[in-house]
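Here's the structure we're looking at; comments come further down.
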Amino acid sequence: MPQRLVLIDGNSLVHRAYHAIPNLSTSAGRPVGAVFGFAQTVLKLLEENPPDFAAVAFDPPGKTFRHELFSEYKANRPPTPPDLVEQFGLVRELTEVCRLCSVEVPGFEADDVIGTLATRAAEAGLEVLIVTIDRDCLQLIRDGVTVLSPSRGPLDAVRYDAEEVQRSYGYSPARVTDAKSLIGDPSDNIPGVPKVGKKTAALLLEKHGAVEEVLKHPEDVPNKTARAYIEQHPRAVLAAKALATIRTDVPLEATLEDLRWPGYDAEALRELLASLEFRSLLERLPAAEGDAPSTACATLDSVEEVVSRCAELAREAAIGVCVLPDRGVLQGVALAGTGGVCFVPAALFRPAADPQLGLFETSEPAPVNHELGRAQEALRAVLEAPGLVKHGGGLKSQAAALRAAGLDLVGFGFDPELASYVLEPQRRDHTIPANAPERLGRSAPPLVRDRRPQPEAACAWAAAAVELREPMREALAQAGLLGLFDEVETPLAPILLRMERAGVAVDVPTLRELSRQMAARLSELMGRIHELAGGPFNIDSPRQLAEVLFGRLGLPVQKRTKTGPSTDAEVLEKLEELHPLVPLIGEHRQFTKLKSTYVDALAELADRSGGRVHTTFEQTVAATGRLSSRDPNLQNIPIRTEWGARIRSCFIAGAPGVRLLAADYSQIELRLLAHFSQDPHLLEAFRSGEDIHTRTAAEVFGVPSEQVSSEMRRQAKTVNFAVLYGMGAPALAREIGVGREEAA
C-alpha cells in the first residue's frame, strides 16, 4: 500500500471556519471561531486519514505573480476582518503542536505550493489527499491524487476523484481551468465570458475540449453576447485561464522527508485546546498515558457482587457518584471509593429492568424480584446514608434520576459543576469533562458515545468528582469564593431538589376555562382577519400571510428573508398604522402563544401530576448568579397584560389554610449599582426608602411621584435594568414600546 501525503490548504479552511462558526469566543472574550473550526477539521482528518507525510500551505503576505498578470486580481475582496487576523497566530500554533509542516513561499499562493508538492509526490508513487474548499484544486486530480472538500460543515466533506468531478461538473479535472476561463470567478475578480454559466461551459467543453478550441468555433456559442465577446476578446479568455492555472513548479526548500508526520504532540495539543476552552475537542482526543483513573472500572455482574461492594462502600467517609441515564431512563450508577470504582447496572436493582434484555434495554415492569430487592436495599444503604458524603457532578439532577428508580441521594458533598459555576459563571459548560483537562491534566470521556451510554465514562466521572475536590476548593479559596460555595450554593442544592419535588399547585379548572375563552377569542379574531383580508388563509403560515399583506393588500415590504418578505413582530409593528388587519395579526399571535405555551401546557402538566407543576431549577446556567427554571419555565409566566395576570392567578397555595408567600430582594442589583457607583441620586433614593422605579418614572415622564401610573413604573423598571445590563436602544425601544430616539 503506498504511503500517504496529506496537503491542507490553511487559508481556505480558516476562512471557511470563520464564516461557519461566527461569534465564538473564550470566556475572556478572545475570538476563536476560526481556530475551532480549523482544529475540528484537521483533528478529524488526522484521525480518519492518518498520513505518513503532511503539510499545511498558507498564502504569503503581499502580492503574487498573478497580480503581475492581472493588476485587478482579487481587487474586489474586502480587507481581512481584524478578529480573523488575530486568529491566524493561533492557527499557526495549532499547526505546530499538531507537528504539521507549514509551507509558505513569497510570490505564490497556497494552491501553487500544494500543486507542486502534489505533483512531486504523485510522481514518486505516493497517494496524495488535498484538503481544501477551493475548487481550483480539482485541476490537480490525477491517478493517486484526490481532493477532500468540506461542504456543509467542518465535519462534512466530499471526496473528489476524476469520476466525481465529471459527474458533478460535466467535465474532467483537466478542463477545470478551461471552465473557469469561460465562467469566471467573482471571488478572485477573474472576468468570464458574459452569459456563459456552468451548463453552457460544460456543453462547449464536452464538444470542443480545451477553451482554445472553443475560441476557434464561436459559432457554437449559443448566446449572441457571449459569441461576440469570444470573437472580440480571445486574449482575455486565455488570460483568465492562465490566472486559474495552478503552478506545479514552485521553488521549494522543503523535501518530502521534511513533511514526514510523527503524530501530534499530545501534551502540547491538550494544553493549547484547554487554554482555548475547546472542551468538545479535548473529549475526542485519545486518552494519554496516565489519563485513566488508578483503578479500572469494574462492572458488577450479580446481586451478590452489589451487596458485597455496597457493604464496603458503606464504611467509607466519602464516595464519588455518577448516575448514567439514557433518554431519561436510568441505566446504572457508578460509585468510587478507596477500594476502586464500580458500575452497578440498573438491571440488577431496578424492577422495571430485565437483566435478560441486556445492560441498556428496558421492558414493562416485571413481577417482584426479591433478588433485585436485595440489591436495591444494599444500594439504598449507601446512597441514602446521611453520614456518607457523596461527591459528584450535578448532584441535584443525579438525585432526580435516582428517584425514578425508587432511590434517593442523601448527603450532598462536593459538586464540581457548582464549583465551576462559582469560579466562572460566564462559562457555558461546567461538567466534569469541561474541568478535568485543566484541573486534573486529563480528559474525561462523554457519558454517551454513538448514542450508547458508557459505563466506563460514568466510572471516570465518579472518580474525577473526588479528585477535583481539592484543586477546585483551593481555586475557590484563592478567589475568595469558598464561603459563597460552602454557605450558599452547596446547601441550596438539596433545598431546590425538595422544591422541585413539592411542585407548585395549579388551578386546573380555571386554566381549562381560560383556554375555552381564549379559543373563542381566537375564533373571533380569525373571522375578523379573514374578513379584512378578503378571504380565508392560514394565519400561521408566514408565506400565506406575506402574500396577503404585501400582495393582496399592497403593503410595503420592510425586510426579506431567504424565503421571501419577512412577517416578524418588528415588521408588523412598522405596518400597524397602515391597515387595521395588521394589529389583529399581532393579537392573534399573542393569544395563540399564551394559549398553547402557558394555559394548555400548564393544565396538561398539572393533570399528569395531581394538580401540581414540577419545574427544574437550574443553579449553574444564568451568568448573573440568578436561578433559572425549565420544563416549564415558571420565571417566564406573563404578567403585563390582563390575560397574563389571569394566567398567573391560576397558581394557588393548594391546600386549605395555606397561603403563597412572595419574597424577593428589594432591587438588589440597583442597590449594588448605587454602592459601586456612589451616585448621589440613587443613594438618596434608597436611604429615604423611596421606590427607585417610581422615582425614575417621575424623572423620565416629568410628573410628580404621586402621579406615576403602574405602566409608567413598569417602563421605568425596564429602563433601570436596561442600563444595568447594557441593553441597547433598539431592544429597549421594542421592550417598552417607544421610538428608538426616545429610548436612546
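Derivation of every value follows stated rules applied to the coordinates shown; laboratory data play no part. Predicted model, so just to flag it, every value in this text is computed and none were measured. Cβ: placed from backbone, ideal geometry, glycine included. Neighbour counts: every protein chain shown.
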> Based on the Kirkwood radius over alpha-carbon pairs, what is the Stokes-Einstein translational diffusion coefficient of segment 42-182 at 10 °C with 1.306 mPa s viscosity, in µm²/s?
Replying inline: 95
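Please give the net charge around Ser275, taking every other residue with its beta carbon less than 12 angstrom from that of Ser275, where Lys and Arg add +1 and Asp and Glu add -1. Don't skip to the end; give the middle numbers.
Numbers: positive: Arg30, Arg270, Arg279; negative: Glu93, Glu271, Glu277, Glu438.
Around Ser275, the surrounding residues sum to -1.
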>> Quick check of the Kirkwood formula: for segment 506-652, what is the inverse mean of 1/r over all pairs of different Cα atoms, in Å?
In response: 17.4
>> Counting only helical runs of four or more DSSP H residues, what would the 222 nm mean residue ellipticity of the chain come to if each run contributes -39,500 (n - 2.57) and the total is spread over all its residues?
In response: -13500 deg cm²/dmol
> Modelled label-to-label distance, Ser666 and Asn633, 7 Å Cα→beta-carbon offset: nm?
Replying inline: 3.0
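What is the extension gain from Arg77 to Thr641, computed as 0.36 nm multiplied by their sequence separation minus the C-alpha to C-alpha distance, in nm to one decimal?
The Arg77-Thr641 span can extend by a further 198.0 nm.
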>> How large is log10 of I(q)/I(0) for segment 404-509 at q = 0.21 Å⁻¹ when the intensity is taken from the Debye formula with one equal scatterer per alpha-carbon?
In response: -1.20
> Using a Förster distance of 30 Å, how high is the FRET efficiency between Asn23 and Glu524, based on the Cβ-Cβ distance and rounded to 0.05?
Replying inline: 0.10
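Would you mind telling me the antiparallel percentage of the DSSP bridges in the chain, rounded to 5?
Values: 32 of 56 bridges.
That works out to approximately 55 percent antiparallel.
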> Could you give the alpha-carbon Rg of segment 294-502 over 2.2 N^0.38 Å, rounded to two decimals?
Replying inline: 1.00
> What is the P(r) of the chain, as percent of Cα-Cα pairs per 10 Å bin from 0?
Replying inline: 2, 10, 14, 17, 19, 18, 13, 6, 1, 0
>> Skipping prolines and chain starts, which residues have an amide H placed within reach, meaning under 5 Å, of the one on Val56, given they are 5 or more residues away or on another chain?
In response: Ile8, Cys101, Ser102, Val103
>> Could you work out the pair-distance distribution P(r) of segment 517-585 from its alpha-carbon pairs, with 5 angstrom bin width and percents rounded to whole numbers?
In response: 3, 17, 30, 26, 15, 6, 2, 0
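Just flag the chymotrypsin sites (Phe, Trp or Tyr not before Pro) in segment 165-243 sitting in loop per DSSP whose Cβ has no more than 10 other Cβ atoms within 10 Å. Mind dumping the intermediate values first?
Numbers: sites: Tyr169, Tyr171, Tyr229; in loops: Tyr171.
Within segment 165-243, no chymotrypsin sites (Phe, Trp or Tyr not before Pro) qualify (loop, at most 10 other Cβ atoms within 10 Å).
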> So which aspartates and glutamates can Lys396 reach, going by Cα to Cα under 19 Å and dropping same-chain residues fewer than 8 places off?
Replying inline: Asp326, Glu384, Asp408, Asp415, Glu417, Asp429, Asp486, Glu487, Glu489, Glu500, Glu618, Asp631
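Kindly state, to the nearest 0.05, the FRET efficiency for Glu316 paired with Ala653, given R0 = 51 Å and r defined as their beta-carbon distance.
Details: r = 43 Å, r/R0 = 0.84.
Calculated value: 0.75.
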>> I'd like the isolated cysteines in the chain, meaning no second cysteine's beta-carbon lies under 4.7 angstrom from theirs.
In response: Cys98, Cys101, Cys137, Cys310, Cys322, Cys342, Cys650
>> Quick check: pseudo-label points 7 Å beyond the Cα along Cα→Cβ at Ser280 and Leu492, how many nm apart are they?
In response: 2.8
> Along the three principal axes, how long is segment 170-246 when you take its alpha carbons, biggest first, rounded to the nearest angstrom?
Replying inline: 30, 23, 18
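In this model, which of Lys198/Lys241; Lys224/Lys559; Lys74/Lys195; Lys195/Lys559; Lys74/Lys216; Lys195/Lys216 are farther than 26 Å apart at the alpha-carbon? Please report the intermediate quantities before stating the final value.
On the way: Lys198/Lys241 15 Å; Lys224/Lys559 37 Å; Lys74/Lys195 21 Å; Lys195/Lys559 30 Å; Lys74/Lys216 29 Å; Lys195/Lys216 18 Å.
Those over the limit are Lys224/Lys559; Lys195/Lys559; Lys74/Lys216.
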> Can you work out the FRET efficiency for the pair Glu123 and Asp301, with r the C-beta to C-beta distance and R0 = 51 Å, to the nearest 0.05?
Replying inline: 0.30
> What percent does the relative contact order of the chain come to when contacts are Cα pairs within less than 8 Å and at least six residues apart?
Replying inline: 8
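Scan the chain and hand back the longest stretch that contains none of the trypsin sites (Lys or Arg not before Pro) lying in DSSP loops with at most 14 other Cβ atoms within 10 Å.
Working: sites that count: Lys63, Arg152, Arg315, Arg327, Arg428, Arg451, Lys559, Lys562, Arg626, Arg640, Arg659.
Longest gap between qualifying sites, sites excluded: 153-314.
What do you get for Rg/Rh over segment 176-218 if you use C-alpha atoms and the Kirkwood form of Rh? Display every interim value, and only then the final one.
Values: Rg = 9.7 Å, Rh = 10.3 Å.
Reported Rg/Rh (Cα atoms, Kirkwood Rh): 0.95.
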> Which whole-number percentage describes the relative contact order of segment 142-220, with Cα contacts under 8 Å and a sequence gap of 6 or more?
Replying inline: 20
>> If I fit a long axis through the Cα atoms of helix 490-502 and take the longest principal axis of the Cα atoms of the chain, what angle between them do I get, 0 to 90°, rounded to 10?
In response: 80
>> Apply the Karplus curve 6.51 cos²θ - 1.76 cosθ + 1.60, θ = phi - 60°, to the phi angles in segment 37-51 and return the couplings in whole Hz, x for Gly and Pro.
In response: x, 4, 4, 4, 5, 5, 5, 5, 4, 5, 6, 8, 10, x, x
> To the nearest µm²/s, what D does Stokes-Einstein give for segment 469-586 at 20 °C and 1.002 mPa s, using the Kirkwood radius over alpha carbon pairs as Rh?
Replying inline: 111
